[in-house]
Amino acid sequence: MAKDKLVMEIKDFSFTYSGAEEPSLRKINLPVLKNKITAMIGPSGCGKSTLLRAMNRIHDLYPGNKYEGKINLYKEDGTKENILDLKKENDFIKLRQQVGMIFQKPTPFPMSIFDNVAYGLRLSGTKNKSELEGHVEKALKDAAIWKETKDRLKESALGLSGGQQQRLCIARAVALKPRVILFDEPTSALDPLSTGAIEELITELKKELSIMIVTHNMQQASRLSDYTAFMYLGDLAEYNTTEKIFLNPEKKLTEDYITGRFG
Amino acid sequence: MSGKLFRNFSFLSATLSFFLLVGIFAILFTYAQEAMQEFGFDFLLSETWEADEDDEGGIFGGYIPIIGTLLSTLIAMTLAVPLAMGIAIFLTEIASDTIGKPVSIAIELLAAIPSIIYGMWGLFYFAPIVQSVFGGNGVGLLTAGMVLAIMVIPFMAAISRDAMNTTPLVLKESAYAMGATKFEVIKDVIMPYSKGGIIGSIILSLGRALGETMAVAFLIGSVMSIPGSITDPTTSIPVLLANNFAEAQDLEMSSMYFLALILFVVSFIIISVAKFYFLGRKVK
């Protein structure tokens, strides 16, 4: 564990939604390790998605939320930046290009398959057509959806199946070469077969980048992740290697949850 | 028993609307026959509208009211579309609730004002302003077009706002999560997603502007002449019909039915296209 490098680090982080009296997250301390998959589990309303959505500041689309503490993002050269200090739209854009996000439901944009994947690249200034084509092909291959889409790149992305759409969204995120991708229950709207394909893909992706995944599915967490964080009522109850959490948890609460005694 | 009664009643009501449509078309078509045979296709291109002294015949051409209708509608739409889109985007994406809610309610109330009120306001208050800024007589194409725009903007903005509001939150969020700016999200996600509803709102407003009678009758000048400039007075199909119906006879009456038929067909086509877009969205 000591050898693993940090890519993000959450320190004494508290979060209060606009208009709420009580914080939804209290003093969270959680590392996100490089080229590892970190899973967040816990009953509904425990704050896992809230924490995930703080990590790319998507909360800031809605005014009035309060942050405390730090979320550091480590750069390639080892320097770190507290993303909670960001204020300008431009800085948010740079952050979101480095920390991508995949949502519960597939969210293809109403445009062609090619344009979906090229979207982020175009936003970040890639104009050259052959360069775009290369990046799109690479991203679609990385997301294991190239074979199904290579003959229909110009067709609307809305014509793909749910599982294909979700892989397209992953391709779209991967195309930007982010350092971290945040997955917010990415398979909750998919059938078992598509879920399998996505899980395989996520495992494949950790060679290139670091992954944080929120899931309600205990088996998914144990299959996929290297580290697991168990959250309960806005607190981080326990964090450890996935093996430790699932086989020999330190807290009774964790054991009760993963064995299905509540939640 | 009551189920059967209700079924028959609703069947009757539903078929009635169909027969009304066909019936109105048939009547317009029948009464327009005389003028159609007399003038034929030239009716569309002739600028004269003059009854003989004995009121039995004359030369009637629809060119001026047709052009007047098209131009006033064109002015109205050119002004209304960008403004209405701006309002809709402001309400869905930019305004906070404290500003957005009152503006939204105001827009809906504006859409409910009867057209005669717009006509009176336009004639007594707005026309002098247009005159002092753009010259001309006050009444004319430009004034009519501008007031028409003011009339359709609330309607267009309200429908477009509703269409834009159907864009799923998670779709917008995922565009932001790709590093898009607010403007890019509006342009690349919200506009394409709500395209059907937006186009529908524009076409329905277009239909309304084409057929508007009362406000335009106050403001266009009701003069049978081709407008040489944008501020010149002219006339439009509904205005000419409203003004002349009381005294017209025979061929003039038939010519007016011909004009009405042209307006009917144009409006019908426009509404059908709008319907097609709305339906097209639902099927998806």
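Just so it is clear, none of the values below were taken in a lab; they were calculated from the coordinates. Nothing here was measured: the structure is a model prediction, and the numbers come from that model. A quick note on method: Cβ atoms are made from the backbone with ideal geometry, for glycine too, and the neighbour counts reach across all protein chains shown.
Here the calculated FRET efficiency for B:Leu169 and A:Ser130, from their Cβ-Cβ distance with R0 = 51 Å, stands at 0.90, rounded to the nearest 0.05. Annotation: extensible slack from A:Glu204 through A:Met111 equals 30.8 nm (criterion: 0.36 nm per residue apart, minus Cα-Cα distance). The Rg/Rh ratio of segment B:2-59, with both radii computed over alpha carbons and Rh defined as the Kirkwood radius, is 1.36. Seen from every direction in turn and averaged, the convex hull around the alpha carbons of chain A projects onto 14.5 nm². How many angstrom lie between the Cα centre of segment B:195-270 and the Cα centre of segment B:86-164? Measuring centre to centre over Cα atoms gives 20 Å. With both labels modelled 7 Å from their Cα along Cα-to-Cβ, the B:Glu108 to B:Phe25 distance reads 3.5 nm.
Diagonalising the gyration tensor over the Cα atoms of chain B and scaling each eigenvalue by 5 before taking the square root yields semi-axes of 39, 27, 17 Å, largest first.
Taking 0.36 nm per residue of separation and subtracting the Cα-Cα distance, full extension of the segment from A:Ala189 to A:Asp151 would add 11.1 nm. Distant-in-sequence amide contacts of A:Ser24, defined by a placed amide H-H separation under 5 Å and a gap of 5 or more residues or a different chain, comprise A:Phe15, A:Thr16, A:Tyr17.
About its Cα centre, segment A:6-258 has a charge dipole of approximately 620 debye under the convention of +1 per Lys or Arg Cβ and -1 per Asp or Glu Cβ, with nothing else charged.
Put a plus charge on the Cβ of each Lys and Arg, a minus charge on the Cβ of each Asp and Glu, and nothing anywhere else: the dipole of chain B about its Cα centre is then about 2200 debye. Here A:Arg122 and A:Lys27 are evaluated by their C-beta separation; at R0 = 45 Å the FRET efficiency comes out at 0.65. Computed from the C-beta positions of A:Leu233 and B:Phe41 and an R0 of 60 Å, the FRET efficiency is 0.15 to the nearest 0.05. Excluding same-chain neighbours fewer than eight residues apart, the aspartates and glutamates reachable from A:Lys105 by a Cα-Cα span under 16 Å are A:Asp184, A:Glu185, A:Asp191, A:Glu199, B:Glu173. Compared with the direct C-alpha span, the chain from B:Leu70 to B:Leu12 gains 17.2 nm at full extension, assuming 0.36 nm per residue. Note on chain B: lysine pairs with Cα distance below 30 Å, sequence gap of 8 or more or different chains, count 23.
Remark on A:Ala39: its backbone amide H falls under 5 Å from those of A:Ile213, A:Asp226, A:Tyr227, A:Thr228, A:Ala229, a criterion applied only to residues 5 or more positions apart or on other chains, H modelled at 1.01 Å from N.
Between B:Ser236, B:Ser96, B:Ser255, the GNM of chain B built on Cα springs shorter than 10 angstrom shows B:Ser96 fluctuating the most.
Cα-based Rg of the protein assembly as shown per 2.2 N^0.38 Å, rounded to two decimals?
Taking N as the residue count of the protein assembly as shown, the ratio is 1.33.
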